[in-house]
Amino acid sequence: MQIRTRFSISADGYVTTPDGWPPLIRDRQFVSGQSHGFAEFQESCEAVLMGAATFAPALTNDRWPWPNLDVFVLGSEVPTDQAPVPIVVDSDPTRLLEKLRAANRGRDVHLVGGVRTIETFRALGALDKLGLLVLPFFLGGGMQLTPSIGIETELVLEETRALPEGAVEIVYACSQ
């Protein structure tokens, strides 16, 4: 099992829009669950791991974003009663990671979410792959990845590929 991120970043380095949304939603070619290689990526995973702020909007989505995946959420007051699948919740990242590993059946885990959640699990030594989906446009503002991610992390380039939508996927192995 490897814990992998795959999130979008604008060409000028922002991982959120100025109003806090993922840059991917600004891409005219984005189709939820279908474009930018997300369907293939999720097929390689058996679970998603995220913070409560990422999980909450999914409850009102037209389409459940993680079909056929186990869902693990870091948080204390997470409204799981509206979710279409069982959700594992814990406010302690170490305990949640233990629950995730105990439930794992051998496939990868998609670490979804913002930079605080990614940094939380990176600091625990649990982030194996940092995947960036570099989008072909500028945002001019928003949140950047670098202020929150520990600078001591060493990245080793593993893969790059151009996607039909014009984005470039970059995958790094992480070590501490």
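The values are calculated or read from the model by the stated rules, or taken from the named source; none is laboratory data. Because the structure is a prediction, the values reported are computed rather than measured. Every residue, glycine as well, gets a Cβ built from its backbone with ideal geometry; the counts of neighbours run over all protein chains shown. Only protein heavy atoms, including side chains, enter the accessible area calculation; ligands, DNA and RNA are left aside. Shrake-Rupley method; radii C 1.70, N 1.55, O 1.52, S 1.80 Å.
Taking GluC sites (Glu not before Pro) as candidate sites, keep only those in a DSSP loop with at most 16 other Cβ atoms within 10 Å, then name the longest stretch of the chain containing none of them. Kindly include the intermediate steps, with their values, before the conclusion.
Working: sites that count: GLU77, GLU152.
In short, 1-76.
Would you mind getting the accessible area per residue of the chain, heavy atoms of the protein chains only, 1.4 Å probe, in Å²? Show your work: numbers first, answer last.
Values: 9120 Å² over 176 residues.
Per residue, the chain has 52 Å² of solvent-accessible surface.
Expressed to the nearest 5 percent, the antiparallel share of DSSP beta bridges inside the chain is 40 percent. Distance from the alpha carbon centroid of the stretch 82-132 to that of the stretch 158-176 works out to 21 angstrom. With a ≥ b ≥ c the root eigenvalues of the C-alpha gyration tensor of the stretch 46-132, is it rounded (a/c under 1.5), prolate (a/b larger than b/c) or oblate? Because its axes are fairly even, with a/c under 1.5, the stretch 46-132 counts as rounded.
Only one item in (1) 34, 15, 13; (2) 23, 19, 16; (3) 34, 19, 16 matches semi-axes √(5λ) of the Cα gyration tensor in Å derived from the coordinates shown, and that item is (2). Each residue of the stretch 159-171 was assigned a 3J(HN,Hα) from its phi angle through the Karplus curve 6.51 cos²θ - 1.76 cosθ + 1.60 (θ = phi - 60°); the sequence is 7, 9, 7, 7, 9, x, 7, x, 7, 10, 9, 10, 10 Hz, with glycine and proline shown as x.
Taking all protein chains as present, what is the carbon and sulfur share of the accessible area of the chain, in % to the nearest whole number, probe 1.4 Å?
Details: 4650 of 9120 Å².
With neighbouring chains kept in place, the figure for the chain is 51 percent.
Could you sort the peptides 30-39, 108-117 by per-residue average Cβ neighbour count (10 Å cutoff), highest mean leading? Display every interim value, and only then the final one.
Details: 30-39: 15.2, 108-117: 21.7.
For the peptides 30-39, 108-117, the packing ranking is 108-117, 30-39.
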